[in-house]
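Participant: Once you've had a glance at the structure underneath, I'll fire off some questions.
The values are calculated or read from the model by the stated rules, or taken from the named source; none is laboratory data. Bear in mind the structure is a predicted one, so any value in this text is a computation, not a measurement. Heads up, the Cβs are rebuilt from the backbone with ideal geometry, glycines too, and the neighbour counts pull from every protein chain shown. SASA here: full protein model, heavy atoms, side chains in, ligands and nucleic acids out. Shrake-Rupley method; radii C 1.70, N 1.55, O 1.52, S 1.80 Å.
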Amino acid sequence: MEMNAYAAALLTVLAAFAVYLVFAQLAHMKKLKQRDQAEAGSDDQPTVGKEPGSS
């Protein structure tokens, strides 16, 4: 099976986007984990300037 240049370029773009999504998801999960750890450490302190239910 022979791949033309258009199909190869499209596949390259899609692969690059997939890699970007993986790293973006990892960074987002890391940020959420840090936020959860910070909130867990400050449960006994009142939250100033934070509306209830806002996340």
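Participant: So the check is Cβ under 9 Å with 6+ separation or different chains; which pairs have a first residue in region 28-39 that's open to solvent by 90 Å² or more (accessible area, probe 1.4 Å) and a second one that's at pLDDT 90 or above and of a type in the set (K, R)?
Facilitator: Qualifying pairs under 9 Å: none.
Participant: Keeping to region 1-43, report how many residues are of a type outside the set (A, V, I, L, M) and within 21 Å of the chain's Cα centre (by Cα).
Facilitator: Residues flagged as of a type outside the set (A, V, I, L, M) and within 21 Å of the chain's Cα centre (by Cα) within region 1-43 amount to 13.
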